[in-house]
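J.: The following block contains the structure, expressed as structure tokens.
Just so it is clear, none of the values below were taken in a lab; they were calculated from the coordinates. In this text, all values refer to a predicted model and were calculated from it rather than measured experimentally. Here Cβ is always computed from backbone atoms with ideal geometry, including for glycine, and neighbour counts include all displayed protein chains.
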Amino acid sequence: MKEFKVTPIRNGTVIDHISFGMALKVLRIIGISGENAQSTVSMLLHVPSKKAEWKDVVKIEDRELDPKELDKIALISPNATINIIRDYNVAEKFIVDVPEIVKGIVKCQNPGCITNHNEPIEPEFVVESKKPLLLRCIYCERLMSDVSEYLI
């Protein structure tokens, strides 16, 4: 039986330990779709993991993520590991961190919230709990736990 492996990348980012089933959402967060990929992107789904039972992995060649992208990934996959690759070696490695304040990256799920009425107000949330994730809107006080569909 043949075994296919994903080839190493020379420079770029490997997002490892993505919560199982979230790799497509990670690609959406970083703005990669089939039509606009500028370099090689590899996505592995349902990969056996030592830390968790299963994980997803995304590899993006020739791209490093910006802080807002990292914050969004932390909100949907708080145990994700970011590996910055340079010349085929891991130059940096860290676990994403859920910020204390979430500003401008999540839309409030309350349709009556002032942030959803074309006002020049950026949505802002206080992180009430990181595990499990619980955000509180500073404007309407609505609590949110599943933010994956509300990412901006």
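J.: With respect to the cross-link table entries K59/K130; K50/K103; K103/K131; K103/K130; K59/K93; K25/K103, which display a Cα-Cα separation exceeding 23 Å?
T.: K59/K130; K50/K103
J.: If you build a Gaussian network model of the chain, linking Cα atoms that sit under 10 Å apart, which residue out of K130, K51, K103 swings the most?
T.: K51
J.: Is it possible to state the helix-based mean residue ellipticity at 222 nm for the chain, with each DSSP H run of 4+ residues giving -39500 (n - 2.57), the sum divided by total residues, to the nearest 500 deg cm²/dmol? What is it? Can you show the working numbers first?
T.: On the way: 2 runs with 17 residues, N = 152.
Computed ellipticity for the chain at 222 nm equals -3000 deg cm²/dmol.
J.: Using the Karplus curve 6.51 cos²θ - 1.76 cosθ + 1.60 with θ = phi - 60°, work out ³J(HN,Hα) for each residue of segment 39-53 in order, rounded to whole Hz, and write x for Gly and Pro.
T.: 8, 5, 10, 10, 10, 10, 10, 6, 9, x, 9, 7, 6, 10, 5
J.: Beyond 21 Å, what percent of the Cα pairs of the chain remain?
T.: 49 percent
J.: Mind checking segment 106-152 for GluC sites (Glu not before Pro) that DSSP puts in a loop (not H, G, I, E or B) and that have at most 15 other Cβ atoms within 10 Å? Don't jump to the answer; show the numbers that get you there.
T.: Working: sites: E124, E128, E141, E149; in loops: E141, E149.
Qualifying residues, ordered by number: E141, E149.
J.: Can you give the angle from 0 to 90° between the axis of helix 67-76 and the longest principal axis of the chain, with both taken from C-alpha atoms, to the nearest 10?
T.: The angle comes out at about 90 degrees.
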